[in-house]
Amino acid sequence: MKRMLTGLQPSGELTIGSLMGGISQSVQYQDEYESFIFVPDMHTITVPQDPKELHERIKRNVALYIACGIDPDKNTIYIQSENFYHANLAWVLECNAYMGEASRMTQYKEKSQNMKNIPVGLFTYPILMAADILLYDTDYVPVGIDQKQHVELARDIATRFNNKYGETFKVPEPMIPKTTAKIMDLQNPTKKMSKSTQNQKGIIYLLDTEEVIRKKIASATTDSDNFVKYDAENKPGISNLLTIYAYFKKTTVEEVEEHFKDSNYKDFKGEVAKAVIEGLAPIKEKYKKLINSEKLDKILDEGREKVNALAEAKIKEVYHKVGLFR
Ligand code: ATP
Ligand code: LTN
């Protein structure tokens, strides 16, 4: 069975965008591949974090993965920082990566643009990501299009290392979901709904209360037409709500359009809120049972043990090949 590995940064609370664009892809693949899913928390400290909040969020994120359908019997679930070998491999890879290629990473350029003091870790972040992937002989890496360049860097580093020191790493392939629509911010529907956005009004978090969901959807930015039609360019707000409704009702945008063709925006928004609330209810229920359970710790302990053993073997091989150890 081919191995697939992915991670969602705990840079904020998970949103319906994380569910629709990220987690649900992994749920779809979990029968087809041997699947590793982890919390890349060490990536998150490349930008300032409140330590207490980050610490608590890590476990919440894992509980939400599982509540959203990531099956612990089919996936190896772990926390990056609980396996020290990620950072060890990242160091060796950094010594085999070039300033030029790292400087070309568009995400780095964007994120560092307005920073006065740029953390070095923000610059080397893609190399830590390469370590995450190469440590476990990963075949496929499902990621959003924004991360494709990072997976390509991991491929380049792996190939270079193999050529220099002999076959060591599997060269991974990015897996970019074709069909997932981008879920937009409700207040600013030309911008992606992101968990790290400061203004929370445009974001629906998986754990938002029913009341909050109703309010956020009721105040979503629309247009002055007052007819429900999918037109991403001219009616981005309504189109986004159509996509969200279709996902939660497990139907197509065309069918939803037809269904609401005589509705006004107020009624339509009310129905979208209902669909989201109903769709998230079982996730919240499962989350509540898990978050303080021993089961969650057991899943994470087992994940840690398994990946530590795999990573230890790999890092020893790598250290030997580059000439480290006695
Ligand atoms: P951050 O705010 O930290 O940049 P994010 O919320 O934008 O994070 P990521 O953690 O970068 O999301 O994304 C994880 C996965 O979820 C990726 O595969 C990404 O494409 C997908 N994803 C995240 N947000 C959305 C969204 N709004 N619509 C569709 N897919 C999304
Ligand atoms: N950089 C990714 C998260 C991430 C990741 C990984 C994804 C870190 N390491 C390894 C896939 C494989 C992000 O910000 N979405």
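The values are calculated or read from the model by the stated rules, or taken from the named source; none is laboratory data. Just so it is clear, the structure is predicted and the values come from calculations on it, not from any experiment. Note: ideal-geometry Cβ built from the backbone for every residue, glycine included; neighbour counts use all protein chains shown.
Which residue is surrounded by the fewest Cβ atoms within 10 Å (Cβ to Cβ), if the candidates are limited to region 163-187 and must be modelled with pLDDT of 95 or more and within 22 Å of L280 (Cβ to Cβ)? Of everything passing the filter in region 163-187, Q187 is surrounded by the fewest Cβ atoms within 10 Å (Cβ to Cβ).
All conditions in (1) more than 10 Å from ligand 1 (Cβ to nearest atom); (2) touching a Ser or Thr at 6+ places or on another chain (Cβ under 9 Å) hold for Q28, with the sole exception of (2).
Every condition in (1) among the basic types (K, R); (2) surrounded by 14 or more Cβ atoms within 10 Å (Cβ to Cβ); (3) in a loop (DSSP other than H, G, I, E, B); (4) more than 16 Å from ligand 2 (Cβ to nearest atom) is met by R214 except one, and the failing one is (3). Taken over region 182-192, the residue count meeting the criterion of being over 21 Å from H150 (Cα atoms), near ligand 1 (Cβ under 9 Å from one of its atoms), assigned to a loop (DSSP other than H, G, I, E, B) and in contact (Cβ under 8 Å) with a residue 24 or more places away in the chain is 1. Of the helices (runs of 4 or more DSSP H) that lie entirely inside region 15-134, those containing 1 or more residues that are surrounded by fewer than 19 Cβ atoms within 10 Å (Cβ to Cβ) and over 17 Å from the mean Cα position of the chain (by Cα) span 51-67, 85-94, 99-103, 106-112, 120-134. Note on region 28-67: residues that are away from ligand 2 (no atom under 15 Å from the Cβ), within 22 Å of D208 (Cα to Cα) and in contact (Cβ under 8 Å) with a residue 24 or more places away in the chain total 6. Could you look through region 139-181, keep only residues that are within 16 Å of ligand 1 (Cβ to nearest atom) and free of Cβ contacts under 8 Å to residues at least 24 places away in the same chain, and pick out the one that is nearest to V47 (Cα to Cα)? Out of the qualifying residues, it is V151. Considering (1) within 12 Å of ligand 2 (Cβ to nearest atom); (2) surrounded by fewer than 16 Cβ atoms within 10 Å (Cβ to Cβ); (3) assigned to a loop (DSSP other than H, G, I, E, B), say which one T138 fails and leave the rest. Here T138 clears every test but (2).
Just one of the numbered conditions (1) in contact (Cβ under 8 Å) with a residue 60 or more places away in the chain; (2) more than 16 Å from ligand 1 (Cβ to nearest atom); (3) within 22 Å of M99 (Cα to Cα) is not true of Y136: (3). Whether any residue in region 142-149 is over 30 Å from K215 (Cα atoms), among the basic types (K, R) and either part of a helix (DSSP H, G or I) or at pLDDT below 95 (or both) is what I want to check. The answer is yes; a qualifying residue exists. If you go through region 179-200 and pick out every residue that is within 12 Å of T15 (Cα to Cα) and either of a type in the set (D, E, K, R) or within 16 Å of ligand 2 (Cβ to nearest atom) (or both), you end up with 8.
Out of the residues in region 3-14 meeting the condition of being touching a Ser or Thr at 6+ places or on another chain (Cβ under 9 Å) and in a loop (DSSP other than H, G, I, E, B), tell me which one is farthest from ligand 1 (Cβ to nearest atom). This residue is P10.
Checked against (1) surrounded by 13 or more Cβ atoms within 10 Å (Cβ to Cβ); (2) under 14 Å from L207 (Cβ atoms); (3) not β-branched (V, I, T), A275 passes all but condition (2). Of all residues in region 311-326, those that are closer than 15 Å to C95 by Cβ have Cβ atoms under 8 Å from Cβ atoms of residues that are in a helix (DSSP H, G or I) and of a type in the set (A, V, I, L, M), 6 or more apart or on another chain, in I315/L89; V318/L89; V318/V92; Y319/V92; V322/V92.
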